[in-house]
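Report on the following structure.
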Amino acid sequence: RPMLLMATLGVHAEAITEVDPERKKALGVLAYVLEGAERLVGDELFEVTLEADGARATCMANAVTVANMSRSTTLLAQGPAATEADDGRLSVTVVATRGLVDAVATTLHLATSALLKRAADRENIGHFQTREVRVETRAPRRVMVDGEDATEAPITVRCVPASLRVLVPDATGG
């Protein structure tokens with residue numbers, strides 16, 4: 001299945017796909033922010049295994065984001081210093097928080113890293129770049145792709161450079 005922006009699992013995916021419809025109706029986009037914050041603080045960590053570039057690692061996480069490109073406001077994608085849409089690489093960010101204080105500190109660190117275009121360097125944030133990554137979870141986890149509930153883990157995401165063609169009107173108006 002094609003992906004342009006990112007695939008997420010954990011806090012971000014669950015906040016988007018499982019937000020209470022009444023809360024969304026009352027609060028709009030803020031409902032997603034609040035749902036995500038509550039999940040980041042309250043959710044238990046889950047086991048995730050990442051495989052890329054011949055290496056395999058297992059860790060505990062609240063969120064995993066595989067991004068081709070992302071806005072600086074998508075905080076859970078802000079591990080690397082920059083996510084470039086045309087560099088042929090995916091940016092993978094793994095976040096593990098425990099409790100309110102850790103969640104707030106991690107969120108502020110990711111926001112600051114994004115603003116300063118600097119790689120995150122907290123010990124509870126892992127990140128790397130690769131052309132392909134496989135993400136597996138011990139227990140089932142929903143995966144959101146480009147904002148849509150898409151599938152369950154495991155997933156493999158592969159960067160296919162120069163695969164998107166965009167047609168635009170002639171600049172001369174012709």
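The values are calculated or read from the model by the stated rules, or taken from the named source; none is laboratory data. This one's a predicted model, so the numbers in the text were calculated from it and none came from an experiment. Cβ atoms come from the backbone with ideal geometry, glycine included; neighbour counts cover every protein chain shown. Areas reflect the complete protein model, heavy atoms only, side chains present, ligands, DNA and RNA absent. Shrake-Rupley method; radii C 1.70, N 1.55, O 1.52, S 1.80 Å.
List of remarks:
- Gyration tensor verdict on segment 92-142 (Cα atoms; rounded if a/c is under 1.5, prolate if a/b is larger than b/c, oblate otherwise): oblate
- Highest mean first, the peptides 119-125, 11-17 sorted by other C-beta atoms within 10 Å per residue fall in the order 11-17, 119-125.
- Sulfur and carbon atoms: percent of accessible area, segment 47-169 [1.4 Å]: 53 percent
- Projecting the Cα atoms of 63, 83, 137 onto the charge dipole of the chain (Cβ charges, centred on the Cα centre) puts 83 farthest toward the positive pole.
- A Förster radius of 25 Å, combined with the Cβ-Cβ distance separating residue 1 from residue 165, puts the computed FRET efficiency at roughly 0.90.
- Top of 57, 67, 82 by mean-square fluctuation, Gaussian network on the chain, Cα under 10 Å: 57
- Taking 128, 46 and ordering them by how much accessible surface each has at a 1.4 Å probe, largest first, produces 128, 46.
- Column: log10 I(q)/I(0), Debye, Cα scatterers of segment 26-169, q = 0.13, 0.17, 0.20 Å⁻¹: -0.59, -1.02, -1.40
- Residues of the chain: accessible area per residue with a 1.4 Å probe, Å²: 58 Å²
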